[in-house]
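Data block below; observations after.
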Amino acid sequence: MESLKDQLIKEKLPSHVAVIMDGNGRWAQKKGNSRIFGHQHGVTAVREVTEAAAELGISYLTLYAFSTENWNRPKHEVDALMSLLVSTIGAETKTLLKNNVRLNAIGCKECLPTDVLKNLEESIAKTSSNTGLTLTLALSYSSRWEIVNATKQIARDVREGKINPDDINDDLFGKYLTTNNMPDPELLIRTSGELRISNFLLWQIAYTELYFSEVLWPDYRKEDFYEALLDYQKRERRFGKTSQQI
Ligand code: FPP
């Protein structure tokens, strides 16, 4: 039988896939381990999906790695997640370079600990001329934070006479968001069976196809990603039009 990967239609692949990586804690607890053990194993799934996206020629992959709300978790879990981010970004930069992947980050950068920010900025700089997949990590990110920030900046620009309020439209608003140089995601995947968006890319997913997987993030592999892409390829995207108009 044809493999899932071979069944994919190259011309119908999304250019941007966003992922809410969920279920690390439950995965670890099921195994009688600490939640941190789950996050450590989540890194394998990050590697798998990044490699799959790069191999398929997908242009943008955006991963929800740490939300604004995640700061409210117990301090030891936040600290462990931050040090995992530092070590992973440091260790994976070589692989990103080898695979022509450009690293990018969205979210409140000044909210991150200095060592995370330093590693992140170094890796972003080192990979900045890569032309393959753009891997965006959403770190200390929430969509309402982003929309409020954009609104503040628009208000300042109006006050300074840089823009006219009558010129504010979807396109202009999008330029003030952290995703201003990316297309909106065509597909959003959430793992672990939870059916929520959790403050992720609310503006950008207006017409995005949603796909929910039961798999807990540390178990997520390339085949699971291909399954989501195949499901996406079967859908008809109408953008408010009728079937006949498509
Ligand atoms: C959600 O699972 C996952 C996170 C809050 C963290 C995601 C982080 C990683 C996968 C590790 C490092 C990532 C990179 C990009 C290097 P959860 O803890 O909410 O799980 P639960 O819902 O089962 O409690």
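The values are calculated or read from the model by the stated rules, or taken from the named source; none is laboratory data. Computed from a predicted structure; not experimentally measured. When we count neighbours, we look across all protein chains shown, and the Cβ atoms used for this are built from the backbone with ideal geometry, even at glycine. Ligands, DNA and RNA are excluded from the accessible area calculation, which covers all protein heavy atoms including side chains. Shrake-Rupley method; radii C 1.70, N 1.55, O 1.52, S 1.80 Å.
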Within region 148-162, of all residues that are of a type in the set (Val, Ile, Thr) and loosely packed, with under 15 Cβ neighbours inside 10 Å, the one farthest from Asn70 (Cα to Cα) is Val158
Among the residues of region 226-236, is there at least one that is open to solvent by 20 Å² or more (accessible area, probe 1.4 Å) and part of a loop (DSSP other than H, G, I, E, B)?
yes
The residue from Ala18, Ala52 that alone is of a type in the set (A, V, I, L, M), open to solvent by less than 60 Å² (accessible area, probe 1.4 Å) and touching a helix residue (DSSP H, G or I) at 6+ places or on another chain (Cβ under 8 Å) is Ala52
Residues of region 198-225 being open to solvent by 30 Å² or more (accessible area, probe 1.4 Å), touching a Ser or Thr at 6+ places or on another chain (Cβ under 9 Å) and among the hydroxyl-bearing types (Ser, Thr, Tyr), in sequence order, are Ser198
*asked:* When you scan region 117-128, do you find a residue that is over 25 Å from Leu201 (Cβ atoms) and touching a Ser or Thr at 6+ places or on another chain (Cβ under 8 Å), even just one?
replied: yes
Only one of Leu195, Leu188 is out of contact with any helix residue (DSSP H, G or I) (no Cβ under 8 Å at 6 or more places or on another chain) and exposed (fewer than 13 other Cβ atoms within 10 Å of the Cβ), namely Leu195
Residues of region 97-138 being touching a residue at least 24 places away in the same chain (Cβ under 8 Å), farther than 22 Å from Pro185 by Cβ and open to solvent by less than 60 Å² (accessible area, probe 1.4 Å), in sequence order, are Leu112, Pro113, Val116, Asn119, Ser123
Residues in region 175-203 that are more than 16 Å from the ligand (Cβ to nearest atom) and without any contact (Cβ under 8 Å) to a residue 40 or more places away in the chain total 5
Flagged in region 204-225 as touching a strand residue (DSSP E or B) at 6+ places or on another chain (Cβ under 8 Å), within 16 Å of the ligand (Cβ to nearest atom) and either more than 19 Å from Lys12 (Cβ to Cβ) or part of a strand (DSSP E or B) (or both), in numbering order, are Phe212, Ser213
